[in-house]
Amino acid sequence: MKKISKELIGASTIPIILSVLSKKESYGYEIIQRIKELSNGQIEWGEGTIYPVLHKLEKKGYITSSWKTSGSGRKRKYYSINIKGEQKLVSEKENWTVINQLILKLWNIEPNLI
Amino acid sequence: MEHRTEFNLANCINHWKSILLENNNMTIDNVTELESHLLDEIVSLKESGLTEEEAFLISQKRLGNINLLTHEFSKVNSHAFFLNKIIPYIKGVLIFLAFFQIAELQINAFYLFFKPAGINNNSLNVASIILLIATIIVFFTAFFFKYKKQLFNFHYFIKIPVLVSIVVLSKIMNMFSVFLMVKNYMDIKNIKTLSYNLNIFKSTFVIILLIVSFLVYYKSKKVLKIAN
């Protein structure tokens, strides 16, 4: 299975994380598992690198974090989306829709060049 | 067959954490978060039938190598990175100031203590020199034992608030002792001898420090050359 390019993954990280968090609050490991599962393993991040992205989103005020202790007594840092993050997600969705439609149109107009 | 020592997960995780913490651009909070991730991954890999050691190695690999992690974290932690870098310099300057203040305080206290006993100028001179040499020896011995033999732990002592209070307090006590010396004894000759000795002491200390800096610099160049 071919891996998706680094640049494309980089560009889509923020909308993907915000979308996962818009369903329910979550922690780094769970977010990664969710994405792996949904993309059938096609999207694979250096797992540790999700944290700097989460921290950046928190700094920008899109998400908030809090430490919680799980049933097994392990500490986990949970992230949840806030209103500013929801607004960001809406604008991200619009941007992605524009790009998506453009690509679909281009490929539908010229389906068989070869 | 090669004998393998038993795998200890807690030790391995602690070792991994200590390497991450050595890097200036990660906070304790960051490392705790990564550790929690690592543990989650280990649990899930063990459930799929891997041994603890295999699970640890794979989790570590999935999380990303330490260079990659520290590089990525440095982008968001530039503030912490700067603070961590600058703190050792500030501590160094403070230790330097504290050392001079304490040396001066010692001499002043010594004078105030022995002057009423009627000590003459000559013995005062000799005694103050001995005291200062002893101070410098104690300082460098402590330094040597800490860094070469790793015997002492000055961890609690070398904190910025502690160092600042030492500098400020000893400065105040010095001013007070000079005031007492002038008020009670008015013996300019003695005070001159003491400040003369103290100045020589300070210059000697600075010269030693400069020599040590050069030695450390050349040694580091040599070591780095071999490493490359």
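Inside 10 Å of the C-beta atoms of B:56-65, what's the mean count of C-beta atoms belonging to other chains?
3
Could you tell me the extents of the stretch A:6-109's C-alpha atoms along the three principal axes, largest first, rounded to whole Å?
If we take the Cα atoms of the stretch A:6-109, the spans are 57, 30, 21 Å.
As an exercise, identify the trypsin sites (Lys or Arg not before Pro) in the stretch A:1-51 lying in DSSP coil whose Cβ has no more than 15 other Cβ atoms within 10 Å.
Of the trypsin sites (Lys or Arg not before Pro), the ones in loops of the stretch A:1-51 whose Cβ has at most 15 other Cβ atoms within 10 Å are A:LYS2, A:LYS3, A:LYS24.
Along its three principal axes, how long is the stretch B:41-88 when you only count alpha carbons? Whole Å, largest extent first please.
Principal-axis extents of the stretch B:41-88 (Cα, largest first): 47, 19, 14 Å.
Given 25 °C and 0.890 mPa s, compute D for the stretch B:9-76 with the Stokes-Einstein relation, Rh being the Kirkwood radius over Cα pairs; round to the nearest whole µm²/s.
So the translational diffusion coefficient is about 200 µm²/s.
Report the convex hull volume per residue for the protein assembly as shown, counting only C-alpha atoms, in Å³.
Considering the Cα atoms of the protein assembly as shown, their hull volume per residue is 280 Å³.
On the Cα set of the stretch B:85-227, report Rg and Dmax in Å, please.
Rg then Dmax for the stretch B:85-227, in Å: 18.0, 62.
No lab work stands behind these numbers, since they all come straight from the coordinates. What you see is a predicted model, and the numbers here were worked out from it, not measured in a lab. For neighbour counting, all protein chains shown are included, and Cβ atoms are generated from backbone atoms with ideal geometry for every residue, glycine included.
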